[in-house]
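Structure first, commentary second.
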Amino acid sequence: MERVSRHYTFRLPRFYVEKILTNDENDPLWDLVLPGEQEIADTADERWDAYQLETRAVNHPRWIQKYRYEALIRTTDYCSGLCRYCYLKNREVIPGVLSHADIDDMFDQMEARAESHLLRELILSGGDPLAVSASLIAHFADRLARINRTRSHNITVSIHTREPVWYPQRISQSAALQAALAKLEPSSYILHVVHPREVTGELLACIELLADLTPRRVPLIMTQHPLFRTINDDASVITQMYDRLDSGRITVKPYYLIHPFPDGTLPKHRLTLPESQRILRDLASAPGTRVPLLTVPTPMGKCVIGPYERLVDEGGYYVLHTKDGVPVQYAIGARYDPQETRPAIPVVSLPIHP
């Protein structure tokens, strides 16, 4: 563990140890949080944020834009815990936290550039956006409200977070953070939950708190999770997790079932794409609101495949398509080694207002 932690940071919240992990060496969740020898072989040479649009709305190192209509903002590289499979743990990530000046720079560009009129959503990601200061979120809310007053449609905000799993007290015990989130009025929270035991009473209480902060416009609460062999590669385990999430007062919609990132995911936890598809197939007969989308991450964007979609070996790769229709050659082997290039994106022709 010490040798691995010299390469990759180790961080584990006390709450997760005391409330979620068991004192059992066979508990599969230890594999998600403790450094392991196999991580040394992770060469960190696959760059999942490598591709960006040529004509993005904002030029800033924390702004990731692969699609015309949405952009992702890396608010920080910090999270209260560190998943051992996190593909950002040793990549070209900017250390530290988004500043007030960074926010002003981004929104000044958005106010000045025609490309920003196509934006519909900003995703706050990280690290974890709920690990940043309340004042930063409040300032972001002020600038968002200002630009939305000038648009025919609102730019909404989605928050991708694991903080309510790692350390829910950060949200429940901070009146300042709650006030900032109420001001921001996110359209959705996407919770990163991996296993049924991660659905604690504290998590369910935190979900209720987040939903109740904005009664005028209650956000969607959704969950997404990667798949891992021996941990959650079974539809019955995932169904149990969904049942627990559904036991509270707030509805939580399963969103993305994520095929493992080849880089970061330990070899013993990797699944083939047909195996991930079979798990989706086992979930597909549930009510529609309980069926997630199986998404395959690639540097060019997310590719979604259906439960009964035919996967054809085209000579060592499957042809998948991103959500904007761009074909991706996805290698069938254990590691996906893409060329970081992408043809022009076919987009619907929309007027760009001056």
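Every read-out reported here was derived from the displayed coordinates using simple, explicitly stated rules and does not represent laboratory data. This one's a predicted model, so the numbers in the text were calculated from it and none came from an experiment. Cβ coordinates were reconstructed from backbone atoms using ideal geometry, including for glycine residues, and neighbour counts include every protein chain displayed.
Output the relative contact order of segment 91-167, whole-number percent, from Cα pairs under 8 angstrom with separation of 6+ residues. Write out the running numbers ahead of the final one.
On the way: 53 pairs, mean separation 33.1, N = 77.
Value for segment 91-167: 43 percent.
Between S236 and R249, what is 0.36 nm times their sequence separation minus the Cα-Cα distance? Round to one decimal in nm. Intermediate values should be presented prior to the final figure.
Working: separation 13, 0.36 × 13 = 4.68 nm, distance 2.27 nm.
2.4 nm is the gain from fully extending S236 to R249.
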Exercise for the section: Find out how many positive minus negative residues lie around E115, taking Lys and Arg as positive, Asp and Glu as negative, among other residues whose Cβ is under 11 Å from that of E115. Expected result: +2
Exercise for the section: Could you list E39, E2 in order of exposure, starting from the residue whose Cβ has the fewest other Cβ atoms within 10 Å? Expected result: E2, E39
Practice task
Give the residue from I279, G248, H117 lying farthest towards the positive end of the charge dipole for the chain; charges sit on Cβ (+1 for Lys and Arg, -1 for Asp and Glu) and the dipole is referred to the Cα centre.
Solution key: H117
Handout entry: GNM top mover of T161, T22, T75 - the chain, alpha-carbon springs below 10 Å
Key = T22
Fill in the blank from the handout: Ranked by GNM mean-square fluctuation in the chain (Cα springs under 10 Å), the top entry among H259, H269, H153 is H153
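Which of the trypsin sites (Lys or Arg not before Pro) across segment 280-310 are loop residues per DSSP, with 10 or fewer other Cβ within 10 Å? Each step should come with its number before you reach the end.
Values: sites: R281, R290, K302, R310; in loops: R310.
Answer in residue order: R310.
Report the trypsin sites (Lys or Arg not before Pro) located in segment 116-179 that are in a DSSP loop and have at most 16 other Cβ atoms inside 10 Å of their Cβ, or state none.
On the way: sites: R120, R143, R146, R149, R151, R162, R170; in loops: R120, R149, R151, R162.
Taking segment 116-179 and a limit of 16 other Cβ atoms within 10 Å, the loop trypsin sites (Lys or Arg not before Pro) found are R120, R149, R151.
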Practice task
Between Y308 and I332, take the C-beta separation as r, use R0 = 25 Å, and let me know the FRET efficiency to the nearest 0.05.
Solution key: 0.85
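In square nanometres, what is one fourth of the surface area of the convex hull spanned by the alpha carbons of the chain?
Values: hull surface 71.0 nm².
Mean orientational projected area (the chain, Cα hull): 17.8 nm².
Of the trypsin sites (Lys or Arg not before Pro) in segment 179-275, which ones lie in a loop per DSSP and count no more than 12 other C-beta atoms within 10 Å? Don't jump to the answer; show the numbers that get you there.
Values: sites: K183, R197, R216, R217, R229, R244, R249, K268, R270; in loops: R216, R217, R229, R249, R270.
In loop regions of segment 179-275 (DSSP not H, G, I, E or B), the sparsely surrounded trypsin sites (Lys or Arg not before Pro) are R216, R217, R249.
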Fill in the blank from the handout: A correct fewest-to-most ranking of D313, D142, D105 by other Cβ atoms within 10 Å would be D313, D142, D105
Problem - Span from the segment 125-183 Cα centroid across to the segment 202-262 one, whole angstrom - result: 19
Fill in the blank from the handout: Here the relative contact order (percent) of the chain, from C-alpha pairs under 8 Å and at least 6 apart, is 14
Completion exercise
Karplus ³J(HN,Hα) for segment 312-321 (6.51 cos²θ - 1.76 cosθ + 1.60, θ = phi - 60°; Hz, whole; x = Gly/Pro) runs 10, 6, 9, x, x, 8, 9, 8, 10, 9
Fill in the blank from the handout: Violations at 18 Å Cα threshold for listed pairs K66/K302; K253/K323; K302/K323 -> K253/K323
